[in-house]
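Every read-out reported here was derived from the displayed coordinates using simple, explicitly stated rules and does not represent laboratory data. What you are looking at is a predicted structure, and each value in this text was computed from that prediction instead of being measured. Here Cβ is always computed from backbone atoms with ideal geometry, including for glycine, and neighbour counts include all displayed protein chains.
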Amino acid sequence: MWTQSCLLSWLLCCLPMGASADGLRFFVVGDLPYRASEGPQLDMLLDNAVAQGSPFLVHLGDIKSGSAPCTDDNLEAIAQRFRAQRVPVLYTPGDNEWTDCHRKGAGGLDPLARLERVRELFFRHPGVLRLDSLGPVHPLGQGLAETYPEIYSFVRDGVMIVALHVVGSDNNNRKRDAQAMADLRGRDQANAAMLDWAAAEAEARGVRAMVILFHADPLFERRRASKGFAATLDALVALSAKYSGQVLLVHGDTHRFRHDRPLRDPETGALIDRFERAEVPGSPRVGGLWISVQPGAPEPFEVDVVYPTSLEVLQDR
């Protein structure tokens, strides 16, 4: 007799490697905190997310305002907040941490020197983000993995998570600065290689849902791609051609909640319906997103926005 328990056992056996019958649900923030008053609200969001079982937390970058000084003290304050979390933290660098540090108000510093400091503090000290417990894969080779420790992938509950490095301020596209342009080309190549690998690996493992994380809004709506984001958009289109599963990009940068399908086929202009985008709210609107993924479902991605005021109402009841 085909019992309910037999059916459940059969369904579990058919899940992709690493999959869970309940799917994956995790919490994402970004573009926070820009001022001291936002710190307690951010902590409330993160504490609530961990209490609700988020297996890891995501911060999409811009951990300070663009006008705040680019100091080690500011970075260390956020690193301490990440260390204090009871679960690993996936952090993708934002432009305010390094790209915009050449601004006078931010200290007039060398952006690439600040980028190296970000990598040193957040990615080369395993106790800050505690990513090792997630089993991240750096498939670009040892040399590139050391250069770009912020670019990696892992599979959790049947979902492939891919962290890339794409930032606002046109992705550090400064054509009069040879070192900046070399950095841009290097990151573009590393990001594209990561997505090529992810597509092949996901197909080989039968992973039907992929979530991509980076900071910048790559300006999908522009008829002609911004030069700093052209390679990123090309890589996303190429991924959609190589990978037959569903893709969700989660980013920050413009501080407004969105959930849509913005990627178009450059040849036909048609929307690519297997590609979705969600953007986190940001300062001064302190909030975050719950991302729920059911791999293999016709519509696998559910995105819910949460603000601290709604949490306070629930806690008062």
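Only helices enter this figure: runs of n ≥ 4 DSSP H residues, each worth -39500 (n - 2.57), summed and divided by the residues of the chain, yield -10500 deg cm²/dmol at 222 nm to the nearest 500.
A DSSP coil position with no more than 14 other Cβ atoms inside 10 Å describes the following trypsin sites (Lys or Arg not before Pro) in the stretch 49-144: ARG86, ARG124.
Relative contact order of the stretch 18-316, please, whole-number percent, based on alpha carbon pairs below 8 angstrom and at least 6 residues apart.
In percent, rounded to a whole number, it is 20.
Across the stretch 135-280, the relative contact order, built from alpha-carbon pairs under 8 Å that are at least six residues apart, equals 21 percent.
Taken over the alpha carbons of the stretch 214-317 as equal point scatterers, the Debye sum produces base-10 log I(q)/I(0) values at 0.22 Å⁻¹ of -1.23. Each Cα pair under 8 Å and six or more residues apart adds its separation to the average, and for the stretch 58-139 the resulting relative contact order is 35 percent.
Taking 0.36 nm per residue of separation and subtracting the current Cα-Cα distance, fully stretching the chain between GLU267 and ALA178 would add 28.8 nm.
Using the Kirkwood radius built from alpha carbon pairs, what does the Stokes-Einstein equation give as D for the stretch 75-142 at 37 °C and 0.692 mPa s, in µm² per second?
Rounded, D is 249 µm²/s.
How about the stretch 149-214: which trypsin sites (Lys or Arg not before Pro) there are in a DSSP loop, with at most 11 other Cβ atoms within 10 Å of their Cβ? Filter output for the stretch 149-214: LYS175, ARG176. With the alpha-carbon atoms of the chain aligned to their principal axes, the span from lowest to highest coordinate is 74, 53, 37 Å, starting with the largest. In the chain the longest region clear of GluC sites (Glu not before Pro) that are loop-assigned by DSSP and have at most 12 other C-beta atoms within 10 Å covers 1-220.
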